[in-house]
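The values are calculated or read from the model by the stated rules, or taken from the named source; none is laboratory data. Source: prediction; values computed, not measured. With ideal geometry, Cβ positions are generated from the backbone for all residues, glycine too; neighbour counts draw on all protein chains shown. Calculation scope for accessible area: heavy atoms of the full protein, side chains included, ligands and nucleic acids excluded. Shrake-Rupley method; radii C 1.70, N 1.55, O 1.52, S 1.80 Å.
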Amino acid sequence: MTITDPTHTATTAHAASEATHASEAAHASEAADIDVARAALRARLLDDGVLIDLGSPGLYGRTGVFTRVYDAVDAAAVRSQADLDADVLRFPPVEPLAAFEQTDYIASFPDLAASISGFTGDDRTHRALLAARERGERWESFLQPADLMLTPAVCHPVYGLVTGTLPDGGRMFDIVGDSFRREPSLDPMRLQAFHMHEFVHIGTPATAQQHRDGRIPVMRELLESFGLEIDVVPANDPFFGRVGQMLARNQVEQSLKFEFVTPVYGHDHPWTAISSANLHEDHFGTSFAIRTADGEVAHSACIAFGLERITIALFAAHGTDPDAWPTEVLAALGL
Ligand code: AMP
Ligand code: ZN
C-alpha cells in the first residue's frame, strides 16, 4: 500500500489528468481508425465471399476460396518443418477437465476459457427450460457443467501423454487442431474458434531453447515467402488481472515468447501476430511430471502457425482473388 501526500497527489493528479486527456484523445482517434480498418477488411472478406457471417462476433463459415488458401498455408507450414520428423498427433476440440486443470490455464486466462455444459435434468427441469425459452429467456442455466473444456491451445493435450521419462533426445510432435478462446470481436483477425498448427518439442532446457530459437528464422522465411512483411518481436500472452500484468512483464523480460507480426491494418496501427514461438521452461514438465532421460524436469517449447490469421493476412495483402496474386506468392504456397 502506498501512502500519498494529498496535496502532492492533487497537483500530479491534475497534471496527469491533462496529459491523460490528450493521450486519451489521441488513443481514441487511433482506436476509431483501427476499428474502421478492421470493419473494412471484415466487410471485404464477407462481400467477396471469403468468409460467411454466422451472426456471432469472431465466428465465420469458410468458403471454397478461403479453404483453398488455408489448406495451402497449412501444407506449406508442414513442408517447412518436415526436417523435424515430428510425430503426428491429432486431438478433438475439447479436452477432459482434469487435463485442462493441469495446464493451469484457468489461473492465467479465466476470461478466455470456455467449458461445455450438458442437460442432466429430469422431465420437470426440461419443462422449466422450455417455459423459460418460451418466455424468450436464456435457458443455458438449466445445463450443468460437463467435465469438458474447449481446447484453447492445441499443444495442451500432449503433455499428459508423455508423463514419466522421455527418451534420449526428447520428443517432437506435429499437432494441428481447433482452438477456442472466448474473445468475441469484429476484428476478422480475432476469432473465437480458430486453428493453429504447432510443432512441439519436449526435452532438456537446451533442446527446448534450441527448438524455439532454431525455428524462428525458418518460420520467418516461410511467412516472408508468402509476400508478407514480417517482424519478429518479444511478446506476452494476455494474462488476466493485476497478477497477470506481472506475469506478462516477466514473459517479455525473459524472452519466453516471440510473435511473428504483420501490418494487416497498415504501418500506423499495431501489427497483428500471425504465428508465435514459445518457450515454456519447466511449466508443463513440472505440472505433468515429465522427466528427461537424465532424470531432470523436462522443458518444452512450441511454435504455432495461426492458420486463419495467416490466411486472412494473405487476403488483406494480396486481395480476395488468389488467381491474381503474384506468381512467387502462389509458388511459395504451392498454388
Ligand atoms: P498463441 O498461443 O496465443 O501464441 O497463439 C498462436 C497463434 O494462434 C497466434 O500467433 C495467432 O496467429 C493465432 N491466434 C491466437 N489467438 C487467435 C484468435 N483469437 N483468432 C485467430 N487466431 C488466433
Ligand atoms: Zn503450444
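Below are the figures for this structure:
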{"read-out": "Convex hull of the stretch 63-139 built on C-alpha atoms - directionally averaged projected area, nm²", "value": "10.1 nm²"}
{"read-out": "The stretch 144-200 - Rg over Rh from alpha carbon coordinates, Kirkwood radius", "value": "1.09"}
{"read-out": "Cα-based Kirkwood hydrodynamic radius, the stretch 244-293, one decimal, Å", "value": "13.2 Å"}
{"read-out": "Sequence of 310, 216, 116 from largest to smallest accessible area, 1.4 Å probe", "value": "116, 216, 310"}
{"read-out": "Proximal charge balance of residue 154 [Cβ under 11 Å; K/R count +1, D/E count -1]", "value": "-3"}
{"read-out": "Candidate residues 127, 291: accessible-area rank, largest first, probe 1.4 Å", "value": "127, 291"}
{"read-out": "Average accessible surface area per residue within the chain, 1.4 Å rolling probe, Å²", "value": "51 Å²"}
{"read-out": "Quotient of Cα Rg and 2.2 N^0.38 Å for the stretch 152-287, N being how many residues it contains", "value": "1.11"}
{"read-out": "Kyte-Doolittle mean at least -1.0 and Cα axial length at least 20 Å: DSSP H helices in the chain", "value": "6-47, 64-80, 205-225"}
{"read-out": "The chain - charge dipole about Cα centre, Lys and Arg +1 at Cβ, Asp and Glu -1, debye rounded to 20", "value": "660 debye"}
{"read-out": "Surface share of carbon and sulfur [accessible, 1.4 angstrom probe, percent] for the chain", "value": "55 percent"}
{"read-out": "Charge dipole of the chain about the Cα centre (unit charges at C-beta), most positive-ward option of 279, 141, 239", "value": "141"}
{"read-out": "Radius 11 Å from Cβ of residue 183, net charge of other residues (Lys, Arg +1; Asp, Glu -1)", "value": "+1"}
{"read-out": "For peptides 166-172, 313-319, 220-226, sequence by mean Cβ density within 10 Å, most packed first", "value": "313-319, 220-226, 166-172"}
{"read-out": "For the chain, alpha-carbon Rg relative to the globular expectation (2.2 N^0.38 Å, N residues)", "value": "1.13"}
